[in-house]
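Nothing in this text is a laboratory measurement; each read-out follows from the coordinates by a stated rule. Everything numeric here is computed off the predicted structure, so don't read it as measured data. Neighbour counts are summed over all protein chains in view; Cβ atoms, including those assigned to glycine, are modelled from backbone coordinates with ideal geometry.
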Amino acid sequence: MHDKGLAMKVAWVCAYPVKMLESAGLKFGRRVGHSHPYSWIVNLSNELARQKQIELHIITETKYIARSRQITFNNISFHILRNALPFTFRSFPAYLPVDAISGFFARRLNIIKKIKDINPDIVHAHGTEGPNALAAIGSGRKNIISIQGIVSEYHKICPSLHFALTGRYENLAVKKGRNFICKTDFDKRFVLSLNPEARIYNISEAMNPVFFQGKWVDPTENSILFVGAFEERKGLHLLLEALSRVAKSIPDVCLYVIGTGEKPRKLLLEKMCRKLGIMKHVKFLGFKTAPEIADWHLRSKIFVMPSKIENSPNALTEAMVSGMPIIASDRGGIGSLVEHNESGVLVNPDDASQMSQAIVNLLLDKDLRRNLGKNAKDFAQKHRPPLVAESTLKAYKEIIEEG
């Protein structure tokens, strides 16, 4: 049992934007470009690191370093494990996912070894689609697993080799685990369908404080904002089809797209814009930082998330925190985040007519925009980092004190 007179030692196993550690002395063997910000990881870890009763260790992997390193930054001990092909700074290519085929065997062993070196009171694994959850379980320490995406469910909507391979190990982790953090009814049902005895902790994601600072005031431009990757699952192509219909009713409408993706996918989207005759209505803005996205929230009239499948999308929650009126797909876990016609409008993303009509209605109705935005902001207050940290600490203590 944990000694109450000592700080609780917690080991996280998670993805982390390692470029942020460059200022702390982490040296890279090759240039690190823009990567996923993993904002919910950064926001919650920073908040927990402020707590005196926590000694936080983060185990993460990267292909950009020559050897594994340990550094301290912002009161957090980072254990950065090298994960790359020998003598390179590259991982296995998508067409040859050896690590996934092997069940992430070598990576799991490395993570388990590091967990044992740290000897934590509890291990918190973020995500089930890679080695993290299985390593936490395999370490033999008390653990809790945060559900992020659900790749086996994503595979049903957007089949891929990656989803097919990783879904097998995701299911195994859920079956073997005991304690889970869920954010929506969607992920809760998924966990309980595989593991009826699982203990579920309903804890929201921690949003970047920058999104709570602004005050959305209805702009004059008929602007729509999309934030997300260019992958098919995010549904930007569905929004473009709806936009071509919206432009017939609102000729000055403009869609601002924040996000990146593989070049062939972007070229395909641009080709679609030309084919639909909406090139002048679409502006691709590329990668933006959190403060920049927060600024675009305040400059845009509505936010649209047309995803084919999601669990708890941070881009959507960030827009709600900013007080934006939103339209989102009624798929996956989004219905747990948005109450239809109260804190947003839910649509069928595959129905371009329904989506376009919802956009037109919201662009033309100032009172509706104001009411939806206000309700969204009120609903999203539970995503404040101190509240999320408090709930997370409570879960840790409960699990540790089980004996």
| said: Angle check, please: helix 39-49 long axis (alpha carbons) against the longest principal axis of the chain (alpha carbons), in degrees 0 to 90, nearest 10. | reply: 40 degrees
| With labels modelled as points extended 7 Å from the Cα through the Cβ direction, what inter-label distance (nm, one decimal) is found for residue 394 paired with residue 284? | 4.6 nm
| remark: Plugging the Cβ-Cβ distance of residue 90 and residue 340 into 1/(1 + (r/R0)^6) at R0 = 41 Å yields, to the nearest 0.05, a FRET efficiency of 0.35
| query | For residue 17, what is the net charge nearby, where nearby means another residue's Cβ is under 15 Å from its Cβ and Lys, Arg count +1, Asp, Glu -1? | reply | +2
| field | lysines with Cα under 16 Å of residue 271, excluding same-chain neighbours fewer than 8 positions away | value | 263, 280, 283
| field | Pair residue 229, residue 98: separation of 7 Å Cα→Cβ label points (nm) | value | 2.3 nm
| field | Chain lengthening between residue 31 and residue 113 when straightened (0.36 nm per residue, less Cα-Cα) | value | 26.7 nm
| remark: So the angle from the long Cα axis of helix 385-400 to the longest Cα principal axis of the chain, reported in degrees to the nearest 10, equals 30 degrees
| remark: the chain, Gaussian network, Cα under 10 Å: of 72, 184, 260, the residue fluctuating most is 72
| remark: The simple spin-label model distance between residue 295 and residue 252, using points 7 Å out along Cα→Cβ, in nm, is 2.3 nm
| DSSP beta bridges in the chain, what fraction antiparallel, as a percent rounded to 5? | 10 percent
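How much length would be gained if the chain were fully extended between residue 357 and residue 72, taking 0.36 nm per residue of separation minus their Cα-Cα distance, in nm to one decimal? Don't skip to the end; give the middle numbers.
Details: separation 285, 0.36 × 285 = 102.60 nm, distance 5.16 nm.
That works out to 97.4 nm of additional length.
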| query | Leaving out same-chain residues fewer than 8 places away, which aspartates and glutamates sit with a Cα under 16 Å from that of residue 366? | reply | 218, 221, 342
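Tell me, what is the FRET efficiency for residue 194 and residue 330 to the nearest 0.05, using R0 = 25 angstrom and their Cβ-Cβ distance as r?
It comes out at approximately 0.55.
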| request: Arrange the peptides 383-389, 99-105 so that the one whose residues have, on average, the most other Cβ atoms within 10 Å appears first. | output: 383-389, 99-105
| field | Cα shape, the chain, gyration tensor, a/c 1.5 rule | value | prolate
| said: Could you tell me how far the Cα centroid of the range 119-138 sits from the Cα centroid of the range 1-75, in Å? | reply: 15 Å
